[in-house]
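Data block below; observations after.
The values are calculated or read from the model by the stated rules, or taken from the named source; none is laboratory data. These figures come from a predicted structure and were not determined experimentally. Quick reminder, even Gly has a Cβ in these numbers, built from the backbone with ideal geometry, and neighbours come from all protein chains shown. Calculation scope for accessible area: heavy atoms of the full protein, side chains included, ligands and nucleic acids excluded. Shrake-Rupley method; radii C 1.70, N 1.55, O 1.52, S 1.80 Å.
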Amino acid sequence: NAAVDFLYEVPHLPRPGETLLSRCETRDLGGKGLNQAIAAARAGANISFWSAVGDDGPGQQIRERVAAENIDGAAILQRRGDTDRSMIFVDPTGENIIVSTCVMARSLEWADARRLLDTTAPGDLLLMQGNLCRDVTAQCLKAASARGLHTVLNPAPIDFDYADILPAAGTVIVNEIESATLSGRTDQIGRA
(Lines give C-alpha, C1' and ligand atoms only; values in the text may rest on other atoms or scores of the structure.)
Protein backbone atom coordinates (compact mmCIF):
# COMPACT_ATOMS: atom_id res chain seq x y z
CA ASN A 1 0.00 0.00 0.00
CA ALA A 2 0.97 3.62 -0.40
CA ALA A 3 -0.36 6.36 1.84
CA VAL A 4 0.20 9.77 3.30
CA ASP A 5 1.46 9.42 6.88
CA PHE A 6 0.68 11.99 9.55
CA LEU A 7 2.89 11.34 12.58
CA TYR A 8 2.15 12.97 15.92
CA GLU A 9 4.59 12.88 18.84
CA VAL A 10 2.54 12.68 22.03
CA PRO A 11 3.52 12.57 25.74
CA HIS A 12 1.77 9.18 26.07
CA LEU A 13 -0.59 7.14 23.95
CA PRO A 14 -4.16 8.45 24.14
CA ARG A 15 -6.56 6.83 26.59
CA PRO A 16 -10.24 6.42 25.69
CA GLY A 17 -11.89 9.86 25.69
CA GLU A 18 -8.60 11.72 26.17
CA THR A 19 -7.51 14.73 24.12
CA LEU A 20 -3.76 15.27 23.84
CA LEU A 21 -1.52 17.96 22.44
CA SER A 22 1.13 16.80 20.02
CA ARG A 23 4.69 18.08 20.36
CA CYS A 24 4.96 18.10 16.58
CA GLU A 25 3.34 16.84 13.41
CA THR A 26 5.30 15.27 10.56
CA ARG A 27 3.73 14.60 7.18
CA ASP A 28 5.44 12.23 4.77
CA LEU A 29 4.70 9.69 2.11
CA GLY A 30 4.58 6.16 3.39
CA GLY A 31 2.45 3.14 3.89
CA LYS A 32 4.11 -0.11 4.86
CA GLY A 33 4.28 -1.35 1.28
CA LEU A 34 5.87 1.81 -0.08
CA ASN A 35 8.34 1.95 2.81
CA GLN A 36 9.36 -1.69 2.22
CA ALA A 37 9.67 -1.14 -1.55
CA ILE A 38 11.95 1.85 -1.05
CA ALA A 39 14.11 0.00 1.47
CA ALA A 40 14.49 -2.97 -0.89
CA ALA A 41 15.29 -0.73 -3.86
CA ARG A 42 17.92 1.14 -1.87
CA ALA A 43 19.44 -2.23 -0.94
CA GLY A 44 19.83 -2.98 -4.65
CA ALA A 45 16.72 -5.07 -5.46
CA ASN A 46 14.75 -4.58 -8.67
CA ILE A 47 11.25 -3.62 -7.52
CA SER A 48 7.88 -3.43 -9.24
CA PHE A 49 5.41 -1.65 -6.97
CA TRP A 50 1.68 -2.35 -7.19
CA SER A 51 -0.74 -0.05 -5.42
CA ALA A 52 -3.58 2.37 -5.99
CA VAL A 53 -3.43 6.07 -5.27
CA GLY A 54 -5.96 8.84 -5.51
CA ASP A 55 -6.13 11.52 -8.19
CA ASP A 56 -4.98 14.06 -5.60
CA GLY A 57 -1.65 15.76 -4.87
CA PRO A 58 -0.35 12.99 -2.57
CA GLY A 59 -1.09 10.39 -5.25
CA GLN A 60 1.09 12.31 -7.71
CA GLN A 61 3.81 12.75 -5.05
CA ILE A 62 3.84 8.99 -4.44
CA ARG A 63 4.28 8.31 -8.16
CA GLU A 64 7.13 10.83 -8.27
CA ARG A 65 8.81 9.31 -5.19
CA VAL A 66 8.58 5.81 -6.68
CA ALA A 67 10.23 7.04 -9.90
CA ALA A 68 12.92 8.90 -7.95
CA GLU A 69 13.75 5.68 -6.07
CA ASN A 70 14.24 3.77 -9.38
CA ILE A 71 11.22 1.58 -8.66
CA ASP A 72 9.02 0.37 -11.51
CA GLY A 73 5.74 2.15 -10.84
CA ALA A 74 3.91 1.10 -14.01
CA ALA A 75 1.47 -0.93 -11.88
CA ILE A 76 0.46 2.02 -9.69
CA LEU A 77 -3.17 2.66 -10.53
CA GLN A 78 -4.76 6.08 -10.16
CA ARG A 79 -8.33 6.12 -8.89
CA ARG A 80 -10.82 8.91 -8.27
CA GLY A 81 -10.66 10.08 -4.68
CA ASP A 82 -8.19 10.64 -1.90
CA THR A 83 -4.98 8.67 -1.47
CA ASP A 84 -5.08 6.48 1.65
CA ARG A 85 -3.90 8.10 4.89
CA SER A 86 -2.46 6.93 8.19
CA MET A 87 -2.45 8.75 11.51
CA ILE A 88 0.43 7.62 13.71
CA PHE A 89 0.73 8.52 17.37
CA VAL A 90 4.16 7.91 18.92
CA ASP A 91 5.04 8.23 22.60
CA PRO A 92 8.55 9.09 23.92
CA THR A 93 9.47 5.38 24.20
CA GLY A 94 8.64 4.75 20.53
CA GLU A 95 5.38 2.85 21.20
CA ASN A 96 2.78 3.74 18.61
CA ILE A 97 -0.84 3.56 17.57
CA ILE A 98 -1.70 3.63 13.86
CA VAL A 99 -5.09 4.19 12.25
CA SER A 100 -5.29 3.97 8.46
CA THR A 101 -7.77 4.26 5.65
CA CYS A 102 -7.67 1.65 2.88
CA VAL A 103 -10.20 2.77 0.28
CA MET A 104 -7.57 2.88 -2.47
CA ALA A 105 -5.87 -0.35 -1.38
CA ARG A 106 -9.20 -2.18 -1.25
CA SER A 107 -10.04 -0.94 -4.77
CA LEU A 108 -7.35 -3.21 -6.21
CA GLU A 109 -8.73 -6.30 -7.92
CA TRP A 110 -7.43 -9.75 -8.78
CA ALA A 111 -7.38 -8.92 -12.51
CA ASP A 112 -4.90 -6.11 -11.79
CA ALA A 113 -2.71 -8.43 -9.73
CA ARG A 114 -2.83 -11.24 -12.25
CA ARG A 115 -1.38 -8.97 -14.95
CA LEU A 116 1.51 -8.05 -12.65
CA LEU A 117 2.12 -11.65 -11.57
CA ASP A 118 2.31 -12.67 -15.23
CA THR A 119 5.53 -10.63 -15.48
CA THR A 120 7.25 -12.58 -12.67
CA ALA A 121 9.57 -15.56 -12.81
CA PRO A 122 10.28 -18.42 -10.40
CA GLY A 123 12.56 -17.18 -7.64
CA ASP A 124 11.08 -13.66 -7.61
CA LEU A 125 9.60 -12.46 -4.34
CA LEU A 126 6.07 -11.23 -3.67
CA LEU A 127 5.75 -9.05 -0.57
CA MET A 128 2.23 -8.20 0.60
CA GLN A 129 0.54 -6.32 3.45
CA GLY A 130 -2.93 -6.68 4.94
CA ASN A 131 -4.48 -3.65 3.29
CA LEU A 132 -5.98 -5.46 0.29
CA CYS A 133 -9.30 -7.26 0.45
CA ARG A 134 -9.27 -10.89 1.59
CA ASP A 135 -9.99 -12.49 -1.79
CA VAL A 136 -7.27 -10.55 -3.62
CA THR A 137 -4.75 -11.32 -0.87
CA ALA A 138 -5.54 -15.03 -1.01
CA GLN A 139 -5.49 -15.21 -4.81
CA CYS A 140 -2.19 -13.31 -5.04
CA LEU A 141 -0.40 -15.49 -2.51
CA LYS A 142 -1.73 -18.76 -3.94
CA ALA A 143 -0.93 -17.78 -7.55
CA ALA A 144 2.54 -16.53 -6.61
CA SER A 145 3.29 -19.70 -4.69
CA ALA A 146 2.13 -21.83 -7.64
CA ARG A 147 4.42 -19.83 -9.96
CA GLY A 148 7.43 -20.58 -7.75
CA LEU A 149 7.73 -17.13 -6.18
CA HIS A 150 8.91 -16.61 -2.63
CA THR A 151 5.98 -15.15 -0.71
CA VAL A 152 6.21 -12.82 2.27
CA LEU A 153 3.13 -11.54 4.10
CA ASN A 154 2.88 -8.78 6.66
CA PRO A 155 -0.86 -9.13 7.45
CA ALA A 156 -1.26 -5.84 9.32
CA PRO A 157 -3.78 -4.43 9.59
CA ILE A 158 -5.51 -7.70 10.42
CA ASP A 159 -9.06 -7.20 9.22
CA PHE A 160 -10.08 -10.75 8.26
CA ASP A 161 -9.38 -14.43 8.96
CA TYR A 162 -6.07 -15.62 7.52
CA ALA A 163 -6.39 -19.31 8.49
CA ASP A 164 -6.60 -20.65 4.94
CA ILE A 165 -4.32 -17.94 3.50
CA LEU A 166 -1.24 -18.37 5.72
CA PRO A 167 -0.13 -21.70 4.16
CA ALA A 168 0.56 -19.84 0.87
CA ALA A 169 2.88 -17.39 2.65
CA GLY A 170 6.44 -18.65 2.89
CA THR A 171 7.29 -16.02 5.51
CA VAL A 172 4.89 -14.14 7.78
CA ILE A 173 6.07 -10.95 9.53
CA VAL A 174 4.07 -9.92 12.61
CA ASN A 175 4.45 -8.03 15.86
CA GLU A 176 3.28 -9.35 19.26
CA ILE A 177 -0.32 -8.24 18.90
CA GLU A 178 -0.62 -9.56 15.34
CA SER A 179 0.95 -12.87 16.37
CA ALA A 180 -1.57 -13.23 19.19
CA THR A 181 -4.45 -12.34 16.86
CA LEU A 182 -3.41 -14.92 14.27
CA SER A 183 -2.54 -17.67 16.75
CA GLY A 184 -5.24 -17.01 19.34
CA ARG A 185 -2.54 -17.07 22.04
CA THR A 186 -2.47 -13.97 24.21
CA ASP A 187 -0.43 -15.47 27.08
CA GLN A 188 2.93 -14.16 25.78
CA ILE A 189 2.06 -10.52 25.02
CA GLY A 190 4.25 -8.14 26.96
CA ARG A 191 6.55 -10.83 28.39
CA ALA A 192 10.28 -10.53 27.86
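Things worth noting here:
- Residue match in segment 108-124 (condition: closer than 22 Å to residue 175 by Cβ and charged (D, E, K, R)): no
- No other residue among 75, 105, 37, 43 is small (Gly, Ala, Ser), open to solvent by 80 Å² or more (accessible area, probe 1.4 Å), out of contact with any Lys or Arg (no Cβ under 6 Å at 6 or more places or on another chain) and within 23 Å of residue 117 (Cα to Cα) apart from 43.
- Comparison of 88, 98 shows that the only residue that is assigned to a strand (DSSP E or B) and open to solvent by 70 Å² or more (accessible area, probe 1.4 Å) is 98.
- Filter result for residue 118 (modelled with pLDDT under 95, over 19 Å from the mean Cα position of the chain (by Cα) and either under 28 Å from residue 146 (Cβ atoms) or surrounded by 14 or more Cβ atoms within 10 Å (Cβ to Cβ) (or both)): yes
- Pairs are defined by a Cβ separation below 8 Å, a sequence spacing of at least 6 or placement on different chains, a first member in segment 166-186 that is β-branched (Val, Ile, Thr), and a second member that is assigned to a loop (DSSP other than H, G, I, E, B) and open to solvent by 70 Å² or more (accessible area, probe 1.4 Å); the pairs so defined are 177/189.
Results for (1) in contact with a helix residue (DSSP H, G or I) (Cβ under 7 Å, 6 or more places away or on another chain); (2) assigned to a loop (DSSP other than H, G, I, E, B); (3) of a type in the set (A, V, I, L, M, F, W, C), shown as yes or no for each residue.
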site: 6; (1), (2), (3): no, no, yes
site: 22; (1), (2), (3): no, yes, no
site: 27; (1), (2), (3): no, no, no
site: 35; (1), (2), (3): no, no, no
site: 44; (1), (2), (3): no, yes, no
site: 59; (1), (2), (3): no, no, no
